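Here's the structure we're looking at; comments come further down.
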Amino acid sequence: MPKGNYGLEADMLDVKVRKAESTDLQSLLEIEEKCFGSEKFSPETVTAFLERYDAFIVIAEEEGGLLGSAMCLVSMERREGRIASVAVLKDRRGQGIGSMLLAECENIFLSMGLEEHSLEVETVNEPAISMYLSRGFQIVGMIEDFYGSGRHAYYMVKKIRGKTVTVRPS
């Protein structure tokens, strides 16, 4: 799996992105709590993403600890991936960490020969929607009440073009 600085400037070079391991579980649970509160994935769900053959987690970290994570599912039969969750600590949002996580997920999907990947995002989450659109996702539908009564989601899809994904600061 490709590693690197994803085209980011020097202040982000201390941030490393890698596939999570079972030893990262406690830090992943802390990120879930800080980013999602009562809507967090359960410890059993996070463990399943770490252990299942058709799932993986990518993390962004620096010396001080975990900054964010992305949890993904894979369907080899349909040749597609799904990004189930992207979490970045509130005080580190807007610094390119989400884009770094997405790029690594996409590179893993590419290495598996997948043809597209998808995600859902709450329709009021404008920063995330903007990031996904800038990374080549397209809104292909809306799912009513996806996040609860009156909380709708956009269903977004990105076709994979067969090349390594990089991130450049805007």
Of the candidates VAL140, VAL124, the one satisfying the condition of being surrounded by fewer than 16 Cβ atoms within 10 Å (Cβ to Cβ), over 17 Å from the mean Cα position of the chain (by Cα) and closer than 26 Å to GLN95 by Cα is VAL124
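Find the residue count for region 107-121, including only residues that are farther than 19 Å from VAL88 by Cβ and not aliphatic (A, V, I, L, M).
The total comes to 6.
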Scanning region 104-119 for residues that are over 11 Å from the mean Cα position of the chain (by Cα) and among the charged types (D, E, K, R), the one nearest to ALA70 (Cα to Cα) turns out to be GLU116
Expected output for region 50-71 (first residue of a type in the set (Asp, Glu), partner outside any strand (DSSP E or B), Cβ below 9 Å, 6+ apart or cross-chain) is GLU51/SER22; ASP54/MET76; GLU61/VAL15; GLU61/ASP24; GLU61/SER27; GLU62/ASP14; GLU62/VAL15; GLU63/ASP14
MET131 vs (1) surrounded by 17 or more Cβ atoms within 10 Å (Cβ to Cβ); (2) closer than 18 Å to TYR155 by Cβ; (3) aliphatic (A, V, I, L, M); (4) at pLDDT 95 or above: all pass except (4)
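Conditions (1) closer than 24 Å to ASP54 by Cα; (2) not in a loop (DSSP other than H, G, I, E, B), marked per residue:
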| residue | (1), (2) |
| --- | --- |
| ARG82 | yes, yes |
| GLY94 | no, no |
| LEU101 | yes, yes |
| CYS105 | yes, yes |
| LEU110 | yes, yes |
| LEU119 | yes, yes |
| VAL124 | no, no |
| LEU133 | no, yes |
| GLY141 | no, yes |
Condition check for LEU114: among the aliphatic types (A, V, I, L, M) and either part of a helix (DSSP H, G or I) or modelled with pLDDT of 95 or more (or both): no
Tell me yes or no: at least one residue of region 51-64 is in a helix (DSSP H, G or I) and at negative phi.
yes
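The values are calculated or read from the model by the stated rules, or taken from the named source; none is laboratory data. Source: prediction; values computed, not measured. Ideal geometry is used to build each Cβ from the backbone, glycine not excepted, and the neighbour counts take in all protein chains shown.
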